[in-house]
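Scroll down for the structure; my scribbles are underneath it.
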Amino acid sequence: EGYNHVTSAQWKLVNDGSIMGAQSFELVSPILKGQDGLHQLAIVCRVLAEQGAKVNKSCGVHVHHDASDLTLNTWKNFCKYYVKYEKTLDSLMPVSRRDNNNSFCASMLGDDGDVKARFAAIDRATDLQRLATIMCGQSRYYKLNLMAFWRHGTVEVRHHSGTIEYEKIAAWVELTQGLLEKSVWLEATSTVNRGPSVHGSDLNSVCVTARIASQTTAYYRTRQLAMAA
């Protein structure tokens, strides 16, 4: 198909001018849910590999999580987690996806990288529109794209590098979904929105917060070491 943002009931290939390469395309999934969704993803990754599909540094993995019923405080919690953990999440990525190195997934840390200042700015948001302005200036080209809510009813995570490897994508879905679910849990279990703390931003803290499986934690420890080499 031509370039479009229509949510489809099937997998589709679309043109994308941001991808380098003469025979380039973006593969877009339908809405995937649970184990069946992961099973579909595994099949598609296998077929891509069998057909000789390749990625380069202009490619990215964009994950949309359902945000249709999130409260403002849950949005704030999720944004705070991303600000708090961005540097650690960067350490799991190639250099091309870190800091402000990629114009299609800019940093959430603001001009000075001050986490406390960003937390304070997030707290000042009185509605989702204002929060989106604070976090990404109404642009979708950030590691965490809040603007996806008005088009798809989702929050989009654009941070991850391009891949056709199932393990990488499934682990990233688990991690980012876990951070979102923890954001929901904080809102549901507290009469006063405590929100995430600015302290403890190492990989272990990320994995504990997201409540990911032990094998996924082990995968990310290995990946962090590989990315540092």
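Bear in mind that the values in this text are calculations on the coordinates, not laboratory data. Fair warning: this is a prediction, and the values are worked out from it, not measured in the lab. So basically every Cβ, Gly included, is an ideal-geometry build from the backbone, and we count neighbours across all protein chains shown.
Across the chain, C-alpha contacts under 8 Å between residues 6 or more apart give a mean separation that, scaled by the residue count, equals a relative contact order of 23 percent. The length gained on full extension between residue 222 and residue 129, counted as 0.36 nm times the residue separation minus their Cα-Cα distance, comes to 29.7 nm.
Dipole of the chain (Lys/Arg Cβ +1, Asp/Glu Cβ -1, origin at the Cα centre): which of 217, 29, 163 lies farthest to the positive side? Comparing the listed Cα positions along the dipole, 217 ranks first.
Across segment 157-164, rounded Karplus estimates of 3J(HN,Hα) from the backbone phi angles (6.51 cos²θ - 1.76 cosθ + 1.60, θ = phi - 60°) give 9, 10, 6, 6, 5, x, 6, 10 Hz, Gly and Pro being marked x. Full extension of the segment from residue 24 to residue 214, taken as 0.36 nm per residue of separation minus the current Cα-Cα distance, would add 64.8 nm.
Between residue 141 and residue 112, the simple label model (points 7 Å from Cα in the Cβ direction) yields a spacing of 2.6 nm.
Starting from segment 52-139, pick out the trypsin sites (Lys or Arg not before Pro) whose DSSP state is loop and whose Cβ has at most 14 other Cβ atoms within 10 Å.
On the way: sites: 54, 57, 76, 80, 84, 87, 97, 98, 116, 118, 124, 130; in loops: 54, 57, 98, 124.
Sparse-neighbourhood loop trypsin sites (Lys or Arg not before Pro): 54, 57, 124.
Straight-line cross-link reach from residue 80 at under 17 Å between alpha-carbon atoms covers these lysines, not counting any fewer than eight positions away in the same chain: 116, 143, 182.
Once every DSSP H run of n ≥ 4 in the chain is given -39500 (n - 2.57) and the sum is divided by its residues, what mean residue ellipticity at 222 nm do you get, rounded to the nearest 500 deg cm²/dmol? Display every interim value, and only then the final one.
On the way: 8 runs with 106 residues, N = 229.
After summing the helix terms and dividing by the residues of the chain, the value is -14500 deg cm²/dmol.
With the simple model of a label 7 Å out from the Cα in the direction of the Cβ, residue 229 to residue 54 spans 2.2 nm. Would you indicate which of (i) 1.12; (ii) 0.99; (iii) 0.92 is the value of Cα Rg over 2.2 N^0.38 Å derived from the coordinates of this structure? Answer by label: (ii). Here the peptides 160-170, 174-184 are ranked by packing, the mean other Cβ count within 10 Å, and the order with the highest first is 174-184, 160-170.
Per Stokes-Einstein, at 20 °C and 1.002 mPa s, what whole-number D in µm² s⁻¹ belongs to segment 1-134, with the Kirkwood radius over Cα pairs as the hydrodynamic radius?
Numbers: Rh = 17.6 Å.
In µm²/s, the coefficient is 122.
Please work out the ratio of the alpha-carbon Rg of segment 104-229 to 2.2 N^0.38 Å and round it to two decimals. Mind dumping the intermediate values first?
Numbers: Rg = 15.5 Å, N = 126, 2.2 N^0.38 = 13.8 Å.
Normalised Cα radius of gyration, segment 104-229: 1.12.
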